[in-house]
């Protein structure tokens, strides 16, 4: 008779590793998109916040595997997001919707909540409200379901 | 007007349901190892048989309309083909699936001479009856599946099989069994069709990770497929125009089931509890109809019974919320055609976690929509 133990350690053994047809994620992009920080800063100083936002979201390194690249992009994106005034948000969201970038923006909003700075969360909540009004629950679901995180 | 039913006085979730040809009997699984067969008598549903051969939760039921056989699969890794005896009771035959994980979905082929079972074992078992041995046998489709198969659908030519899986891909395989079938004729999906041949593969999204696939369906002519995924998207791929994908990012919660109701329209339903109709217009999928017209919460006092019913429906233990503003009170998990076929369906049935079965009229809804547009 097998001995009845309370040990559940065997449940943690990854039996799938012995399978040759294991699930593998698709190859990540070898060349990661990098946003040109100088360009973004120039756009911001010229007051073209919305152009800066579109540019930074279009070049978001979502499929990149290197965390430091992602973190860098997050910092730049947050800087842009926080420099857009509340009165410009509606127009920005409109333009982003035409460019199919709302889901990407939502990813950065949630990521931005993770690392709050002075006054950033309130500003991001305003962004969240505007994006949610356009993209609905589906937009949030796409952030949750996606394996390519911001 | 939508008809709603519950079965057996309980509100346990309905895992899935399937109709017989005359649509007067239904097979449902009340979220356990049993399959209940109910017969309709006007508005009364009477239980006529309980099929309790499975050991674990039933995951899929399909009723072959013309040969009147039921196939079921369950988390116990088994599938049974049920035939009705002369006494009206259903008798099971075990099917050897040869899998080491739970079976997740099952579908009869259109000619009803074989069926396919998807499983967590990262393979599809294509099963057919071998008359020499008087036994159902299975052949496996393995490559290049790397994840659980969540949904299956047959092409009308009885050969091709579409499969959706949790590795974010929809694939079309050939399920040609040369022992029992004639050589298949070419389709827009390809010409060579040995068993297990991968005819097409679609990533749920080319630009980002995407969600796993919840349901996939061939259109009535077999040239298009539609699928719904857990990222709240609806997708249509067309073999006639070199497998281009039309993708609609919706603003709703993810959809769990989809079905064609004409050559250009799809009904979808899921976590948002409301069945929706999307129509292909050129290169776009457009929301064309909401089947659930209920808007306001029922007024007229809240009775104690209604409160407890609502608690039960939503599987809640606290009385913090009341009714949801739709007929279904929880996620819809299964859609079946009730009247008509994929080319032209006038009524569909849905079931879900709230334990309700709802039969919807599509025609009258579209007519009323057209009238609204004219006004």
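Checked against the criterion of being surrounded by fewer than 19 Cβ atoms within 10 Å (Cβ to Cβ), more than 26 Å from residue B:248 (Cβ to Cβ) and touching a helix residue (DSSP H, G or I) at 6+ places or on another chain (Cβ under 8 Å), the candidates A:121, A:87 yield just one match: A:121.
Within region A:135-150, being exposed (fewer than 15 other Cβ atoms within 10 Å of the Cβ) and in contact with a helix residue (DSSP H, G or I) (Cβ under 8 Å, 6 or more places away or on another chain) holds for one residue alone: A:149.
Name the residue that is surrounded by the fewest Cβ atoms within 10 Å (Cβ to Cβ), counting only residues in region B:235-264 that are under 15 Å from residue B:336 (Cα atoms) and away from chain A (no Cβ under 14 Å). In this case the residue turns out to be B:262.
The set of residues from region B:130-153 being more than 14 Å from chain A (Cβ to nearest Cβ) and either within 21 Å of residue A:24 (Cα to Cα) or surrounded by fewer than 16 Cβ atoms within 10 Å (Cβ to Cβ) (or both) comprises B:130, B:131, B:132, B:133, B:134, B:135, B:151. For the residues B:26, B:50, B:61, the requirement of being more than 16 Å from the chain's Cα centre (by Cα) and assigned to a strand (DSSP E or B) singles out B:50. The numbered conditions (1) within 14 Å of another protein chain (Cβ to nearest Cβ); (2) modelled with pLDDT under 65 are all true for residue A:2 except (1).
Tell me, yes or no, whether region B:82-98 has at least one residue that is within 14 Å of chain A (Cβ to nearest Cβ), out of contact with any helix residue (DSSP H, G or I) (no Cβ under 8 Å at 6 or more places or on another chain) and surrounded by fewer than 23 Cβ atoms within 10 Å (Cβ to Cβ). No, because not a single residue in region B:82-98 is within 14 Å of chain A (Cβ to nearest Cβ), out of contact with any helix residue (DSSP H, G or I) (no Cβ under 8 Å at 6 or more places or on another chain) and surrounded by fewer than 23 Cβ atoms within 10 Å (Cβ to Cβ).
Of all the listed residues (A:62, A:101), the sole one being touching a helix residue (DSSP H, G or I) at 6+ places or on another chain (Cβ under 6 Å) and either touching a residue at least 12 places away in the same chain (Cβ under 8 Å) or within 25 Å of residue A:45 (Cα to Cα) (or both) is A:101. Considered as a group, the residues in region A:5-51 that are under 22 Å from residue B:99 (Cα atoms) and surrounded by 10 or more Cβ atoms within 10 Å (Cβ to Cβ) include one that is modelled with the lowest pLDDT, and that residue is A:21. Each residue in region B:205-222 was checked for being at the interface with chain A (Cβ under 10 Å from one of its Cβ atoms) and at pLDDT 90 or above, and 1 of them qualify.
The values are calculated or read from the model by the stated rules, or taken from the named source; none is laboratory data. What you see is a predicted model, and the numbers here were worked out from it, not measured in a lab. Heads up, the Cβs are rebuilt from the backbone with ideal geometry, glycines too, and the neighbour counts pull from every protein chain shown.
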